[in-house]
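Read through the structure below, which is laid out as structure tokens, and then see the notes.
The values are calculated or read from the model by the stated rules, or taken from the named source; none is laboratory data. Since we're looking at a predicted model, the values are computed, not measured. Please note that ligands, DNA and RNA were not included when accessible areas were found on the heavy atoms of the full protein model with its side chains. Shrake-Rupley method; radii C 1.70, N 1.55, O 1.52, S 1.80 Å.
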Amino acid sequence: MSRHPEVKWAQRADKVFITVMLSDSKDAKVNLEPEGVFSFTGTAGTGNNQYELKLELFDKVIVEESKINIGVRSIFCILEKAEKVWWKKLLCGDGKAPHYVKVDWDKWVDEDEDKGAGDLDLGGMDFSNFGNMGGMGGMGDMMGGMGGMMGGMGGMGDMMGGMGGMGGMGGMDEFEDSDDEGQEVTKPADKAEGDAKPEEHGVGTSEKKEAEAST
């Protein structure tokens, strides 16, 4: 039986940020349709648990200009809105959003603060383009091919072993850590995980109340 991963979202006038919170995901496949349908499938955990997700977004998006980063801890997407207007909520329809869809307070700004918010700090993430990757539907195959390529570089270790004078290159852990920078933004003390109501954060703005009401 498949499970739903936790999803966090925030927005700007021209973009929507969606983060699928799933660590060490395998065979991750993400698809985005112009009508505003976002879907995800993948496995994670020691038992290779199956996760899936389908979100019908509030409005249309531009697939070719949208970007995705599949990291170790999460899948982060930047979706370009077809119309540069502030969405009232993430999903279309009148119903309440599922419990696993939450506001991403670390990336959230109010509508009247949008122009002065500046660019989001992406921490050097390496993004792929949805349009060029065919909706990222073949991500699992692509990652598998990369694994084979890395496997063919097995002799690299022997070569490096013979380069004793380059001991300073042994800190591969530092390189791995750099990949994850920006994947998770440290939460302020007053935005602890699990908080749900904007008034608990001292927000008090109508935009955040509407966002929380919709999620």
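Below is a table of values for the structure above.
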item	result
Residues whose placed amide H lies under 5 Å from that of V37, excluding near-sequence neighbours	L57
Built amide H within the under 5 Å cut-off of D104, gap 5+	W9, A10
Per residue, in Å², the accessible surface of the stretch 74-122 once ligands and nucleic acids are set aside, probe 1.4 Å	55 Å²
L91 long-range amide H proximity, modeled H, under 5 Å	F58
Per residue accessible area in Å² of the stretch 1-66, where ligands, DNA and RNA are left out and the probe is 1.4 Å	47 Å²
Links that overshoot a 23 Å alpha carbon limit, given the list K67/K107; K26/K88; K29/K84	K26/K88; K29/K84
Within the accessible area of the stretch 1-137 (1.4 Å probe), percent carbon and sulfur	45 percent
